[in-house]
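**Student:** My questions all concern the structure below.
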Amino acid sequence: TQPATDADDSLYQALGAEQGIEQIAENFIMEIAYDERIFDRFADSNVQRFREKMIEHLCMVSDGPCEYTGDSMVLVHRGMDINSAEFNAVVENMMEAMDKAGTPLSAQNRLLERLAGLRPEIIEI
Ligand code: HEM
């Protein structure tokens, strides 16, 4: 039996740990770049920063050994007035990114569930 205090990083591991998450983030950025529903939103963004913070954020959300150094989801997305169609587009991009990275479906679903939980911090704020 596992000690009760053992940190559960099973999702982080199932996503392929550091390398897997870097690949997913890279694929995600490519999906967004070609998605005409949302790419305008990122026109003024610093891709280098976005990549770095997204990797940290995915690592944190999956209980990996990372410190997220970006801004809070509310602070980043406030004032963008993002709608649910745009949110769903980003979720689709993440699904595609994970498919292309070979992420197992069970791990995909676990991550998507956690990202869906962030919806109120991102849309219509
Ligand atoms: C679960 C969904 C989402 C997550 C986890 C997420 C996460 C993030 C993260 C970690 C950053 C970087 C923060 C930083 O630089 O400090 C970011 C930035 C950004 N996000 Fe999101 N995001 C999500 C959905 C969306 C959606 C739906 C849109 C619009 C279609 C969007 C538009 C942006 C833009 C434009 C930036 C860059 C802001 C800038 O350049 O200053 N995000 N997001």
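**Student:** Please name all residue pairs, on different chains or six or more residues apart, with Cβ atoms under 6 Å, provided the first residue is in region 44-57 and is closer than 17 Å to Met80 by Cβ and the second residue is hydroxyl-bearing (Ser, Thr, Tyr).
**Tutor:** What qualifies is His57/Tyr68.
**Student:** Going residue by residue through region 82-91, is there one that turns out to be touching an Asp or Glu at 6+ places or on another chain (Cβ under 9 Å) and surrounded by fewer than 14 Cβ atoms within 10 Å (Cβ to Cβ)? Give the derivation first.
**Tutor:** To start, the set of residues in region 82-91 that are touching an Asp or Glu at 6+ places or on another chain (Cβ under 9 Å) comprises 82-84, 89-90.
Cutting the leftovers down to surrounded by fewer than 14 Cβ atoms within 10 Å (Cβ to Cβ) gives us 83-84.
Scanning region 82-91 turns up at least one residue that is touching an Asp or Glu at 6+ places or on another chain (Cβ under 9 Å) and surrounded by fewer than 14 Cβ atoms within 10 Å (Cβ to Cβ).
**Student:** Shifting gears a bit: Being surrounded by 13 or more Cβ atoms within 10 Å (Cβ to Cβ), within 14 Å of the chain's Cα centre (by Cα) and part of a loop (DSSP other than H, G, I, E, B) is the requirement here; does Tyr12 meet it?
**Tutor:** On the way: surrounded by 13 or more Cβ atoms within 10 Å (Cβ to Cβ): yes; within 14 Å of the chain's Cα centre (by Cα): yes; part of a loop (DSSP other than H, G, I, E, B): no.
No.
**Student:** Looking at region 109-125, I want the residues that are under 13 Å from Asn83 (Cα atoms) and have a partner that is part of a helix (DSSP H, G or I) and among the polar types (S, T, N, Q) with Cβ atoms under 9 Å, at least 6 apart or on another chain. Which pairs are those?
**Tutor:** The qualifying pairs are Arg119/Ser84; Ile123/Ser84; Glu124/Ser84.
**Student:** What pairs come up if the first residue lies in region 11-34 and is on the phi < 0 side of the Ramachandran plot and in contact (Cβ under 8 Å) with a residue 12 or more places away in the chain, the second is of a type in the set (Lys, Arg) and assigned to a helix (DSSP H, G or I), and their beta carbons are under 7 Å apart, counting only those six or more places apart or on different chains?
**Tutor:** If the second residue must be of a type in the set (Lys, Arg) and assigned to a helix (DSSP H, G or I), the pairs left are Leu11/Arg110; Ala25/Arg51; Asn27/Lys100; Ile29/Arg51.
Taken together, the values in this text are just the output of simple stated rules run on the coordinates, not laboratory data. In this text, all values refer to a predicted model and were calculated from it rather than measured experimentally. Here the Cβ is made from the backbone with ideal geometry for all residues, glycine too, and neighbour counts use every protein chain on show.
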